[in-house]
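To start, the structure itself, in structure tokens.
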Amino acid sequence: QVQLVESGGGLVQAGGSLRLSCAASGRTFSSWNMGWFRQAPGKEREFVAAITWSANGAYYGDSVKGRFTISRDSAKNAVYLQMSSLIPEDTAVYYCAATIYTSLTYYQNYNYWGQGTQVTVSS
């Protein structure tokens, strides 16, 4: 069982930065691959980034490559999403998720989800 709690969302101007955090409970956090997804009103859930359990692999959606960075700290049971050069199209609810599977870009493969944190980018 894994429980996930996101934080760090908020309102930011275009071009700004935000760092999202996801705190995980459970002794086996280090065994889970972790991902970030986002969902804007009226749109499907979109893959943002993922990181393997060993942190030796990181993957990004095309729309955020070069602007976002995912990382994890297993000692703190946490995963982070550093977002830079934000644009209004990044506005969405951002979700942290955990999976045992290796196909990390499909939200259907994730076993546990956080409640989400709102990110709003103003133009």
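The values are calculated or read from the model by the stated rules, or taken from the named source; none is laboratory data. Computed from a predicted model, the values in this text were never measured in an experiment. A quick note on method: Cβ atoms are made from the backbone with ideal geometry, for glycine too, and the neighbour counts reach across all protein chains shown. With ligands, DNA and RNA removed, areas are computed over all heavy atoms of the protein, side chains included. Shrake-Rupley method; radii C 1.70, N 1.55, O 1.52, S 1.80 Å.
Overview of results
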{"quantity": "Criterion violated by A75 - all others in (1) without any contact (Cβ under 8 Å) to a residue 40 or more places away in the chain; (2) outside any loop (DSSP other than H, G, I, E, B); (3) surrounded by 15 or more Cβ atoms within 10 Å (Cβ to Cβ) satisfied", "calculated": "(3)"}
{"quantity": "Selection from the range 32-63 of residues that are among the β-branched types (V, I, T) and touching a Gly at 6+ places or on another chain (Cβ under 6 Å)", "calculated": "V48"}
{"quantity": "Residue within the range 39-48 that is without any contact (Cβ under 8 Å) to a residue 60 or more places away in the chain and acidic (D, E) present", "calculated": "yes"}
{"quantity": "Tabulated pairs, the range 99-114, first without any contact (Cβ under 8 Å) to a residue 60 or more places away in the chain, second β-branched (V, I, T), C-beta under 8 angstrom, 6+ apart or interchain", "calculated": "N109/T99"}
{"quantity": "Criterion (open to solvent by 30 Å² or more (accessible area, probe 1.4 Å), touching a strand residue (DSSP E or B) at 6+ places or on another chain (Cβ under 7 Å), in contact (Cβ under 8 Å) with a residue 40 or more places away in the chain and of a type in the set (A, V, I, L, M, F, W, C)) met by exactly one of V119, V93, V2", "calculated": "V93"}
